[in-house]
Protein chains: 2
Amino acid sequence: MARVLTPRAEDFPRWYQDVIAKAQLADNGPVRGTMVIRPTGYAIWERMQAEMDARIKVAGAENAYFPLFIPESYLRREAEHVEGFSPELAVVTHGGGKQLAEPVVVRPTSETVIGEFMAKWVDSYRDLPLLLNQWANVVRWELRPRVFLRTSEFLWQEGHTAHATEADARAYARKILHEVYEDFMVGVLGIPVLVGRKTAGERFAGATNTYTLEGMMGDGKALQLGTSHELGQNFARAFDITYSSATGGVEHAWTTSWGTSTRMLGGLIMCHGDDNGLRVPPRLAPVQAYVMIVKDGEGVGEAAAKLRDALRDAGVRVGLDDRVDTPFGRRAVDAELKGYPVRIEVGPRDLAAGNAVLVRRTDGSKTPVAVPDVVKAVLAALEADQQALYDEALKRRLDRTVTVGTLAEAIEASATGWAKVPWSEVGPAGEKEANGQGVTVRCLISADGTVPDSEDEPELQAILARAY
Amino acid sequence: MARVLTPRAEDFPRWYQDVIAKAQLADNGPVRGTMVIRPTGYAIWERMQAEMDARIKVAGAENAYFPLFIPESYLRREAEHVEGFSPELAVVTHGGGKQLAEPVVVRPTSETVIGEFMAKWVDSYRDLPLLLNQWANVVRWELRPRVFLRTSEFLWQEGHTAHATEADARAYARKILHEVYEDFMVGVLGIPVLVGRKTAGERFAGATNTYTLEGMMGDGKALQLGTSHELGQNFARAFDITYSSATGGVEHAWTTSWGTSTRMLGGLIMCHGDDNGLRVPPRLAPVQAYVMIVKDGEGVGEAAAKLRDALRDAGVRVGLDDRVDTPFGRRAVDAELKGYPVRIEVGPRDLAAGNAVLVRRTDGSKTPVAVPDVVKAVLAALEADQQALYDEALKRRLDRTVTVGTLAEAIEASATGWAKVPWSEVGPAGEKEANGQGVTVRCLISADGTVPDSEDEPELQAILARAY
């Protein structure tokens, strides 16, 4: 059989591109760096959105929508912010057939425009906290684009909140970090993210502190899957977000922002994919069980439709493939590529024996199951394979993370995985040295593995790795 | 009491702006013509999206996402299309700190870029129909912007499909028109839309036929709430969307496109709003029942929470207002403004008598209801008021539509409502004359009120009106 994908061990980046093309997840757009998200890919994104959005609402934030176009002058108000984003801006100079008096930028992120409206809407401490989120597209011009990972336009959610105190802002940035992002990534995406704190050098432009969630990909590199920022009073000062306090004074608010994007689709592929294609964790999968008619025959169509209905009634997201004029082998390869967690193959021979064949994408196992037992078997497989994918990813992260004592060892270890090294051995100077060799400090964690409160805690550990 | 809103009869456009500001639905954005959709407004849009998206999926279309940026050259490929959209384009000339070799436009609509990918993805007749939809922002520079109705950026869904035959394309454009748009607008939005066919002069730029859904607003003007287009083979030729047919020939596909937008929020306000604010039809409302604690007292908080839980358990979307340190009168005015269909007021005095007060936004009625009967009473009120809002809007449309025999009468009647006049009395020349006086042909309908198959049918009726 002709091979469908470049094997991961041969060329991981090539394999990644192959999966995206062959599983019909996305295409490159006509303008350099942009992408087209095809239905198979977009259905996964919709599931990500639904799961994330529910958690964001439970955390108390409300969805809103702010303009795509931001006056250029807004970005200049926060010095670090404009410095960080200027090189990546797309600028609209003409609108409605005329040159614009002031050019507008296409939002690279919305702290500035949302800050302007927070200032309008916040008056008293009673208006705080103000908890907003938006689902939107943003544009950051990319010189070395790669689909899902670095694209000039991407889709994301960006949360923006204002609080009366620093403590409240910090608590909320951490609530999002753990209760929304970590909960989703571990529980649904099945990625054992490492949660930590960015160094000053890796912070978001304009933040006083950035929390991050880092996943290890199949090749041992790191991917930042989400960030949550404390912005201190930087944007509150730049946009005059003030409130009258309970005691009558006027104070600047404390703000946060936090985001996750279609980049998570890249993480999904690179964390769980194998040489046969994508493997989608069952809780995430738009199609959890895929009923396939192997070929026509007595009662086959009816049996397949019945199984589809029974699975749907049991709460399983189910698809039915009855394209019997396409060779079964080709359809099975396609189902592998798209990573449906469980296939139920229904054909005349097995059916005559009262069986369907349950194929699990995670381990490739094929088991004949008596038709009346299929629903139960599918539910059990979905539950088990969610865990199996997580366990496999966790094992890889543990196996490929080494604890070392010096910066040199850490940089060396980053060739094949992650290195944990005392931050005191690295420091800002060592970080620069590592960066020069293509290695970054992904995050700092406390000695007990938790997220540190500051960069000055004793015994901080740095995680060094190559990253996407 | 100081009046909260300008009365509709005094100044309808001013009333509209007042509602948007006071109900906190939206704000003007900093770049002219853009808008900020605030949480109260966005929650309604999310409900519109959910209801529409479910219907779109039932109709077989799959969601995808195409780039915001389109090469300028794409638009030029279809002559009428570029002519129609050129005056409204926003153009990006700089990206990543450099002038771009080819300027890119911010999508005003996506026929062109989607056409390019349809051509890539469609190979054989087996790949047809190709049924796509996307939820996205689009930009059309507006000289006279008005929030929700005409904004330089707005949110919408745009469907794009390709078919093997003209008949199939037409059937699908009509399926969307009736089974998605009309079904949603009538059944959920509660707007008795008139469904018809646009004249050649009012067609979408590049379409061979445009179907429309027109609503009558509170001032008798028309608002186009959605359109579904047959594009013939225009875009298929421009983008080379071809397929090999079952008999082996190569044919151009037939395409459609169809869209509805945040403009529906404007229609909602102007169709159902009254002098106290918005009235949201129950099936649409993000908050259907709003439990309000009038003031603190023995058992009041517990009773309110219990009612909230009981309503939620009965499938009602419910909110709880326990901000007892804000005067009740102010909170009640706010609830009126935001148009929650039903309020359940819980206070110490009524509670002592075993009652809560059920307030219906539609007719303003206030009825004491025994606490154990509240859920049943709320469900009944929601059902009845969905119908009541529709009936009221339909009565207005019927009362304010006059049947006349000449163009002059039709133009005159358009001062206060809609005019129905034989299309043979108007024709392209009469249409131009009407346009000169601010009156447009909203649509053509058949003598029996159905949607005509062509502009040449005998006894076509034209609906003339002033429009937003």
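The values are calculated or read from the model by the stated rules, or taken from the named source; none is laboratory data. This is a predicted model, so every value here is computed, not measured. Cβ: placed from backbone, ideal geometry, glycine included. Neighbour counts: every protein chain shown. Accessible surface is based on the protein model in full, side chains and every heavy atom, while ligands, DNA and RNA are left aside. Shrake-Rupley method; radii C 1.70, N 1.55, O 1.52, S 1.80 Å.
Just one of the numbered conditions (1) open to solvent by 30 Å² or more (accessible area, probe 1.4 Å); (2) facing chain A (nearest Cβ under 8 Å); (3) assigned to a loop (DSSP other than H, G, I, E, B) is not true of B:P67; which one?
With (1) open to solvent by 30 Å² or more (accessible area, probe 1.4 Å); (2) facing chain A (nearest Cβ under 8 Å); (3) assigned to a loop (DSSP other than H, G, I, E, B) applied to B:P67, the lone miss is (1).
Quick grid of which residues meet (1) open to solvent by less than 50 Å² (accessible area, probe 1.4 Å); (2) under 21 Å from A:I56 (Cα atoms):
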| site | (1), (2) |
| --- | --- |
| A:A173 | yes, yes |
| A:V180 | yes, yes |
| A:V188 | yes, yes |
| A:T210 | yes, yes |
| A:L213 | yes, yes |
| A:Q224 | no, yes |
| A:H229 | yes, yes |
| A:F235 | yes, no |
| A:S244 | yes, no |
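Would you check if B:T362 is among the polar types (S, T, N, Q), under 28 Å from the mean Cα position of the chain (by Cα) and crowded, with 16+ Cβ neighbours inside 10 Å?
yes
Kindly establish whether A:E10 is modelled with pLDDT of 95 or more, more than 30 Å from B:E88 (Cβ to Cβ) and at the interface with another protein chain (Cβ under 7 Å from one of its Cβ atoms).
Here the answer is no, as A:E10 does not meet what is asked.
Report yes if B:G273 is in contact with a strand residue (DSSP E or B) (Cβ under 8 Å, 6 or more places away or on another chain), under 23 Å from B:K338 (Cα atoms) and either at pLDDT 95 or above or of a type outside the set (A, V, I, L, M) (or both), otherwise no.
So B:G273 fails the test.
Within the range B:431-445, can one find any residue that is of a type in the set (G, A, S) and part of a strand (DSSP E or B)?
no
Hey, among A:E455, A:E433, A:E425, which residue is open to solvent by 40 Å² or more (accessible area, probe 1.4 Å) and in contact (Cβ under 8 Å) with a residue 40 or more places away in the chain?
Answer to the check: A:E455.
Given the conditions (1) modelled with pLDDT of 95 or more; (2) part of a strand (DSSP E or B); (3) within 10 Å of another protein chain (Cβ to nearest Cβ), and given that A:F117 satisfies all but one, which numbered condition is not satisfied?
(2)
Residues in the range A:192-207: is at least one hydrophobic (A, V, I, L, M, F, W, C), surrounded by fewer than 24 Cβ atoms within 10 Å (Cβ to Cβ) and part of a helix (DSSP H, G or I)?
yes
Residues of the range B:204-257 being within 30 Å of B:R400 (Cβ to Cβ), hydroxyl-bearing (S, T, Y) and out of contact with any Leu (no Cβ under 7 Å at 6 or more places or on another chain), which ones?
The answer is B:T210, B:T212, B:T227.
Criterion first (open to solvent by 30 Å² or more (accessible area, probe 1.4 Å) and either touching a helix residue (DSSP H, G or I) at 6+ places or on another chain (Cβ under 6 Å) or not basic (K, R) (or both)) does B:A388 satisfy it?
In short, yes.
Working only within the range B:259-316, note down all residues that are out of contact with any Lys or Arg (no Cβ under 9 Å at 6 or more places or on another chain), buried (at least 23 other Cβ atoms within 10 Å of the Cβ) and free of Cβ contacts under 8 Å to residues at least 60 places away in the same chain.
B:A304
Which of the residues belonging to the range A:43-64 are in a helix (DSSP H, G or I) and either within 14 Å of the chain's Cα centre (by Cα) or within 9 Å of chain B (Cβ to nearest Cβ) (or both)?
A:A43, A:I44, A:W45, A:E46, A:R47, A:M48, A:Q49, A:A50, A:E51, A:M52, A:D53
Given the criteria in contact (Cβ under 8 Å) with a residue 40 or more places away in the chain, among the aliphatic types (A, V, I, L, M) and either more than 10 Å from chain B (Cβ to nearest Cβ) or more than 23 Å from B:L131 (Cβ to Cβ) (or both), does A:M35 qualify?
no
Do we find that A:L100 is surrounded by 16 or more Cβ atoms within 10 Å (Cβ to Cβ), touching a strand residue (DSSP E or B) at 6+ places or on another chain (Cβ under 8 Å) and over 30 Å from B:K120 (Cα atoms) in this structure?
yes
Going by what's in this entry, would B:A353 be described as among the small types (G, A, S) and in contact (Cβ under 8 Å) with a residue 60 or more places away in the chain?
no
Taking the range A:137-163 as the search range and keeping residues that are open to solvent by 20 Å² or more (accessible area, probe 1.4 Å) and assigned to a strand (DSSP E or B), which one is nearest to the other protein chains (Cβ to nearest Cβ)?
Result: A:F154.
Can you tell me how many residues within the range B:120-133 are more than 8 Å from chain A (Cβ to nearest Cβ), part of a strand (DSSP E or B) and crowded, with 21+ Cβ neighbours inside 10 Å?
The number of residues fulfilling the criteria is 2.
Look at A:V402 and say whether it is assigned to a helix (DSSP H, G or I) and touching a strand residue (DSSP E or B) at 6+ places or on another chain (Cβ under 7 Å).
no
Would the range A:103-110 turn up any residue that is at the interface with chain B (Cβ under 7 Å from one of its Cβ atoms), touching a Phe, Trp or Tyr at 6+ places or on another chain (Cβ under 7 Å), of a type in the set (G, A, S) and within 20 Å of B:S152 (Cα to Cα)?
no
Give the range A:75-99 a look and list any residue that's in contact (Cβ under 8 Å) with a residue 12 or more places away in the chain and either facing another protein chain (nearest Cβ under 7 Å) or part of a strand (DSSP E or B) (or both), or say none.
Selection gives A:P87, A:E88, A:A90, A:V91, A:V92.
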